1. Return the residue satisfying two criteria in turn: it lies in the stretch 297-307 and is touching a Leu at 6+ places or on another chain (Cβ under 7 Å) and among the aliphatic types (A, V, I, L, M), and of such residues it is farthest from ASN317 (Cα to Cα).
2. With respect to VAL217, determine if the residue is assigned by TED's automatic domain parsing to the domain that holds SER337 and among the aliphatic types (A, V, I, L, M).
3. Output the residues belonging to the stretch 259-278 that are at pLDDT 95 or above, out of contact with any Pro (no Cβ under 9 Å at 6 or more places or on another chain) and hydrophobic (A, V, I, L, M, F, W, C).
4. ILE150 fails exactly one of the following numbered conditions: (1) buried (at least 19 other Cβ atoms within 10 Å of the Cβ); (2) in contact with a Lys or Arg (Cβ under 6 Å, 6 or more places away or on another chain). What is the number of that condition?
5. Look at the stretch 78-97 and say how many of its residues are out of contact with any strand residue (DSSP E or B) (no Cβ under 8 Å at 6 or more places or on another chain) and assigned to a loop (DSSP other than H, G, I, E, B).
6. Give me the pairs: first residue in the stretch 216-229 and under 30 Å from PHE271 (Cβ atoms), second residue surrounded by fewer than 24 Cβ atoms within 10 Å (Cβ to Cβ) and at pLDDT below 95, beta-carbon distance under 7 Å, and six or more apart or on different chains, which are they?
7. The conditions are (1) β-branched (Val, Ile, Thr); (2) in contact (Cβ under 8 Å) with a residue 40 or more places away in the chain; (3) surrounded by 15 or more Cβ atoms within 10 Å (Cβ to Cβ), and THR207 fails exactly one of them. Which is it?
8. Count, please, the residues in the stretch 275-322 that happen to be of a type in the set (Gly, Ala, Ser) and within 21 Å of ALA261 (Cα to Cα).
Amino acid sequence: MTDQAGKTQTRRARWGGPAGAAFAALLGVLTSACEPANGLVRAPQTIRVDGSSTVFPLSEAAAEGFSIENRGGVRVTVGESGTGGGFRRFCRGETEIQGASRPIKQAEMESCRQAGIAYVELPVAFDGLTVVVNQENPINSITVEQLRRIWSPESEGRVNNWRDVDPRWPDMPLRLFGAGTASGTFDFFTEAINGEGGASRTDYTPTEDDNVTVIGVIGNRGAMGYFGIAYYEQNRDRLKALAVDGGAGPVAPSATSVADASYQPLSRPIFIYVAAEAMERPAVRDFVRYYLTHAARLAPEVGYVPLPDAAYAEYLNRALAGRTGTAFGGEADIGASIEEVMARPLVDDALPAGE
């Protein structure tokens, strides 16, 4: 069973009079018939997953499949409060699993360390951040320098028209949609394009919900936005993805260009982080095992690029052995290939303070 945090409504039926009494009596008979012999009713265990909206579709697919396989014996809730917001909850011990569209930051590592929370870092797929425009926009490709001119802090209030970026481009107001500041997508995009994580103009529509960007770009001829490739794939009949020129010519985002590392600099790994203490629970271990053994199938179904089978096997061994820490040192690895991510050594600097 999966829930979207903050998006689930509970409907309560109210019964009164003789009909209500009869219904209550019938419910009591059915409940007693289903109870174990000792009279105790076992509530399903709950695994709380939160974090990145980019990782959300993959985690949701894993949660749904796992729920079917274990017949509802474990309840997996999947939220999407953003990578940064999710790490705050994770480091307070409020969730067992954190989805992240970038590696854990130094400040987040310290928060977890101070709270005594060690974690297992597990890359689960590769993504290509996709720059999208309205389908009526005649532009088909864009350079990193042009993206920087649009999104840099210095462009705020100055670059407001497509022609401000390139005089050959249409005379059309520029309307921007993008990730909220708590998002790992925001951190990665700003570092890859502007050279510094968090450096961005602020006069755009920020959101942790990528569907807001989809709707905004569809509804405005001069709009631009960015998000993970999965959301583009879900809306490719309504949006246009721009090919990005990272210096070797324009390359369109696709499973192939992300996998072969030709889509630069916007290809990136996406992760789940699992609390080490939670991994001691059989239900969490079973869910993580399901997630990693099915990710190669689920990732392309939701629009992402799967890792090699050997990578999933290695990361499953890491999870089951409880090997904690990060391979990224608190920094995003811009332009890293799948092979380079797999080759990174794990450093156990996520131990609680004093150990």
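The values are calculated or read from the model by the stated rules, or taken from the named source; none is laboratory data. Nothing here was measured: the structure is a model prediction, and the numbers come from that model. We place every Cβ from the backbone using ideal geometry, glycine too, and count neighbours over all the protein chains shown.
1. VAL302
2. In short, no.
3. VAL274, ALA275, ALA276, ALA278 - these are the residues of the stretch 259-278 that are at pLDDT 95 or above, out of contact with any Pro (no Cβ under 9 Å at 6 or more places or on another chain) and hydrophobic (A, V, I, L, M, F, W, C).
4. Result: ILE150 passes all but (2).
5. Adding up the residues that qualify gives 2.
6. Once the first residue is under 30 Å from PHE271 (Cβ atoms) and sits in the stretch 216-229, its partners that are surrounded by fewer than 24 Cβ atoms within 10 Å (Cβ to Cβ) and at pLDDT below 95 give ILE229/GLY303.
7. The failed condition is (2).
8. Of the residues in that region, 6 qualify.
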